[in-house]
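Below you'll find the structure, written out as structure tokens, and then a few comments.
Every read-out reported here was derived from the displayed coordinates using simple, explicitly stated rules and does not represent laboratory data. Every value quoted in this text rests on a predicted model; they were computed, and no experiment measured them. Don't worry about glycine lacking a Cβ; one is built from the backbone with ideal geometry, like all the others, and counts go over all protein chains shown.
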């Protein structure tokens, strides 16, 4: 969920809650004030009426003080002696032509020697209308506020948060092998500036570390070559000497180890070269032809384990790849399928228009699937394998933005590459 | 047979000189471009082994010079593994072969022999070891004059043995010679053994001797007892 939406949701929920509570409280407060004013007005009218009745001679049964206000005087025999009473009734209003609420103030008084029961009836209409109006205003205000809040928030999120989104998209695009500095953001927000500074120094450090590591790998890989050749050749020379069988065996082990080390070095230096993008020139590779050629080269080696190779070329895709990388890719896939196969096993190679499948029989892996493409992961006893093959495959597919996946079921290992 | 080795790493050069001397070559060694230019000017060599990366320049310059001199020497480039550019550049300007570090001396020896053979188009283009005669260009082998029918791998194997006669050849080196980079794809050592068995059988069937000795755990040696 987006930050702006979370903020909006919370703002609006709070706004509505506050306004509902505020409106209810406000309604009652206003109502009591209006009510009080209304009553005070009624009493004021009463005082006015009493004054007029006492002052003027002529009496009328009904007085109309205001439109809608009604005064009723009833002559009574004896003093009712009541304190003024307020009561609400519903009566037919001839102006509005419907039944409306009224409030009546009843009191008694004596003038010109007679006792009277006086009722002043006043329409509550205006009172109610006021309440209605206020409520309507409240609702409109809530709606307007919510709307403006959403708009302002969206605007803020676009404007103020834009540096943040800029940084985020830069970070998503960031590749340590091809570092592009974060674009300078134009913001007055301290937090974003701090964020960018922190990220910049972190990125600088990562780039430096990466460069150091890369150089180190390159140098090691290059410098290790000559001593390795010396070890190999010196041990080869020693093997020619008339030494005891035991000594020769020991030298044989040195020789063998140097061979393994040089294969390892070679693998690592290919990985480094891929990282350094030193395999740039691409050419059009006819996958079918390419695989067929490779297969014919290894026919004999396949024969050692008595493996059956079946190929299915359902399409003839042409990929734009570097020739060396294509060679390494196919060789390692094939090598993997041969090496980790079982005696009398099978290999199935399927080429589709956008998919390459390498399937081989073999024992269950001892390592988790997700680690399969990591360096130096090997299963079981195969110490001859240097454990770089599949990580090379992975790196090459990554380099060309291909999808690679592995699955295992029923003793079949399947590596799928989508291009 | 004169061989010039242009290699800046002393320990490596020593090995090459020693191994090749033993194989009947006369070897000279220089460790920089300058002395190399001097040498090729003053003497003629059957084969020149050039390391591409030299302290004072590129070994490719030597090849260039040899070509302008219309030299008849065979040229083998030594370079780092997988530097395809060097390889293509070298072969383009006229090198005969290419070998990557680290290599086996037996492999280098076989390459030198092959390069020299290709360079000298004389009638003597055959290799003889006791009763075995190999005609490398016709892919033919005879045992005391009788033709021996070999598969391509068996032929390569025999030629490799004869090129490195009396030397211990490791099984890794044989595997690499026969299958190149694909050697570690499978348990190729078992396969060498079965090829060897067939080769021995075929030679013995038509009256040849078995010169292949097993050096336990290490490899083989082709030697006259």
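Among A:234-241, B:202-209, B:103-110, how do they line up from the highest to the lowest mean number of other beta-carbon atoms within 10 Å?
B:103-110, A:234-241, B:202-209
Please report the antiparallel percentage of DSSP beta bridges with both residues in the protein assembly as shown, rounded to the nearest 5.
Here the antiparallel bridges make up roughly 75 percent for the protein assembly as shown.
Can you tell me the relative contact order of chain A? Whole percent, Cα pairs under 8 Å, sequence separation 6 or more.
Relative CO of chain A lands at 9 percent.
Need one number: nm distance between label points at residue A:366 and residue A:93, each 7 Å from Cα along Cα→Cβ, rounded to one decimal.
Label-label distance for residue A:366 and residue A:93, simple model: 9.5 nm.
By what distance, in whole Å, do the Cα atoms of segment A:287-352 stretch along each of the three principal axes, largest value first?
Its Cα atoms span 36, 24, 17 Å along the three principal axes.
Radius of gyration and Dmax for segment A:129-204's Cα atoms, expressed in Å?
For segment A:129-204, the Cα radius of gyration and maximum Cα-Cα distance read 21.2, 73 Å.
Within 10 Å, count the other beta carbons around each residue, average over each peptide in B:61-69, A:320-328, A:15-23, A:332-340, and list them highest first.
Answer by packing, highest mean first, reads A:332-340, A:320-328, B:61-69, A:15-23.
Hey, how much of the P(r) for segment A:224-275 falls beyond 16 Å, as a percent of Cα pairs?
45 percent
Need one value for B:214-221: mean number of C-beta atoms belonging to other chains within 10 Å of its residues' C-beta atoms.
Per residue, the number of nearby Cβ atoms from other chains is 4 on average.
Once every DSSP H run of n ≥ 4 in the protein assembly as shown is given -39500 (n - 2.57) and the sum is divided by its residues, what mean residue ellipticity at 222 nm do you get, rounded to the nearest 500 deg cm²/dmol?
Estimated from H runs of four or more residues: -17000 deg cm²/dmol.
Could you check the spin-label model distance between residue A:220 and residue A:141? Points 7 Å from the Cα along Cα→Cβ, value in nm.
Reported label-point gap for residue A:220 and residue A:141 is 7.2 nm.
Would you work out the relative contact order for segment B:127-222, in percent, from Cα pairs under 8 angstrom that are 6 or more residues apart?
With pairs under 8 Å counted, the relative contact order is 30 percent.
Please report, largest first and rounded to whole Å, the three semi-axes of the ellipsoid equivalent to the protein assembly as shown, where each semi-axis is the square root of five times an eigenvalue of the C-alpha gyration tensor.
107, 28, 19
Looking only at other chains, what is the average number of their beta-carbon atoms within 10 angstrom of each beta-carbon in A:272-284?
Average per residue, whole number: 1.
Just the projected area, averaged over all directions, of the convex hull on the alpha carbon atoms of segment B:40-93: how many nm²?
About 3.7 nm², averaged over all directions.
Run through all the Cα pairs of segment A:283-418 and give the fraction in each 10 Å bin from 0, expressed as whole percent.
In whole percents, the pair-distance histogram is 12, 46, 36, 6.
Can you tell me what percent of all Cα-Cα pairs in segment A:162-220 are more than 17 Å apart? Could the numbers behind the result be given before it?
Numbers: 743 of 1711 pairs.
When every Cα pair of segment A:162-220 is considered, 43 percent fall beyond 17 Å.
Of all alpha-carbon pairs in segment B:93-221, indicate the percentage at a distance above 24 angstrom. Don't jump to the answer; show the numbers that get you there.
Details: 2325 of 8256 pairs.
Roughly 28 percent, once rounded to a whole number.
Could you work out the relative contact order of segment A:283-418? I mean the mean sequence separation of Cα pairs under 8 Å and 6+ apart, divided by the number of residues, in percent. Display every interim value, and only then the final one.
Numbers: 221 pairs, mean separation 31.4, N = 136.
Relative CO of segment A:283-418 lands at 23 percent.
Let me know the mean shielding of B:95-107 by other chains, meaning the per-residue number of their Cβ atoms within 10 Å of its Cβ.
So the per-residue partner count for this stretch is 4.
In nm², what is the average projected area of the convex hull enclosing the Cα atoms of chain B?
12.7 nm²
Please report, to two decimal places, log10 I(q)/I(0) for segment B:118-165 at q = 0.13, 0.16 Å⁻¹ as given by the Debye formula with identical point scatterers on the Cα atoms and no solvent.
Debye output, listed in q order: -0.27, -0.41.
Taking every alpha carbon pair in segment A:203-338, what does the distance histogram look like in 5 angstrom bins from 0, in percent?
All Cα pairs considered, the percentages come to 2, 8, 12, 12, 13, 14, 14, 11, 7, 4, 2, 0.
With Kirkwood's inverse mean 1/r over C-alpha pairs for Rh, give me the Rg to Rh ratio of segment B:2-119, two decimals please. Show your work: numbers first, answer last.
Working: Rg = 12.6 Å, Rh = 13.8 Å.
On the Cα set of segment B:2-119, Rg over Rh gives 0.91.
Largest first, please: the extent of the C-alpha atoms of segment A:3-154 along each principal axis, to the nearest Å.
So the three principal-axis extents are 81, 30, 24 Å.
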